[in-house]
Every structure is written in structure tokens, then in C-alpha cells.
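Working notes, structure below.
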Amino acid sequence: LAHLVVFTNNKAGQGTADSKLSREEANRLIYEESKQTKYFRHAQELDEKNLARVRHMKQQLAAITPEQEARLLAKAHSASADVEKTRNLGRVCAVIDMDAYYAAVEIRDNPSLASVPLAVGGIGMITTAS
């Protein structure tokens, strides 16, 4: 269930000689404080449903004959070729992740935040966290 716990990377001074809390300790603390919440229980239920779906799909995959596999691969290649014919490379889309920027601005404005865990947001919402 480790993937249900928020991953805390080496941020806010973690992993340095001055750090008071290791990543493992932070993850354990987050897990302990989260495991009784409705969110965590809901995430566990979703996880169990997904695992059941994966098991079912693996069983279906194991039952496919070589002939069926060849037909499915040919169908996939044909569908891929059809999509490729209509692909438009004239447009460019960019996704810009501004979370680190918001945290950096807060740290710039208040340098004492550089060595402590930091969350940026408002009531009921966190935009970013270190």
C-alpha cells in the first residue's frame, strides 16, 4: 500500500546533514496519520478493484491462442496506421507545471522557508508542497 501514501522526496532540506526527518520517517508518519481516513480507505477499495481487474485481464491474456494474438496484433497495427494518417503535427501543446514555481516564489519572499516543509495554497486546497 506504499503507493497510497504521499511520496515525500528530498525536499525542504531532507537528506541533508541538517535534516531532522528522513524520507522513510516522513512516509511512515504520513501513512500512520492517513491510514484511518475515509480517503485512504476509499483509495484501498479502488486499489482492490483495480487489482481484481488486472488479475482478470491476466487470465484472459493467458488464454489467448497464438492465432488470436496474430489477429489482434494485425488489427492493432491497422488501427495505428489509420490514426497515423490523420495525425496533425502542425500544432504544439505544452504543459507547464507551475507548482515548483509557486513554492520557489514563497521561498524567495521568505528565505527561512527553504529548510522547512512548505505548502502553498488556500482554504481547502494545497497548490504545492515541498
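The values are calculated or read from the model by the stated rules, or taken from the named source; none is laboratory data. Everything quoted here is computed from the prediction, not taken from an experiment. Quick reminder, even Gly has a Cβ in these numbers, built from the backbone with ideal geometry, and neighbours come from all protein chains shown. Note: areas computed on protein heavy atoms with side chains; ligands, DNA, RNA excluded. Shrake-Rupley method; radii C 1.70, N 1.55, O 1.52, S 1.80 Å.
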Review point. Identify, please: which residue in the stretch 112-130 is in a strand (DSSP E or B) and of a type outside the set (Ser, Thr, Tyr) and is, among those, modelled with the lowest pLDDT?
Key: ALA129
Exercise for review: Quick one: LEU89 ticks every box in (1) open to solvent by less than 100 Å² (accessible area, probe 1.4 Å); (2) at pLDDT below 90; (3) not aromatic (Phe, Trp, Tyr) except a single one, so which number is it?
Suggested key: (1)
**Study point:** Test set (1) open to solvent by 100 Å² or more (accessible area, probe 1.4 Å); (2) assigned to a helix (DSSP H, G or I); (3) not hydroxyl-bearing (Ser, Thr, Tyr) - ALA81 fails condition number
**Key:** (1)
Review point. Among the candidates GLU32, GLU67, which residue alone is open to solvent by 100 Å² or more (accessible area, probe 1.4 Å) and out of contact with any Asp or Glu (no Cβ under 8 Å at 6 or more places or on another chain)?
Key: GLU67
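Is one or more of the residues making up the stretch 6-27 among the aromatic types (Phe, Trp, Tyr), at pLDDT 85 or above and open to solvent by 100 Å² or more (accessible area, probe 1.4 Å)? Before the answer, list the steps.
To start, the set of residues in the stretch 6-27 that are among the aromatic types (Phe, Trp, Tyr) comprises 7.
Keeping just the survivors that are at pLDDT 85 or above gives none.
There is no residue in the stretch 6-27 that is among the aromatic types (Phe, Trp, Tyr), at pLDDT 85 or above and open to solvent by 100 Å² or more (accessible area, probe 1.4 Å).
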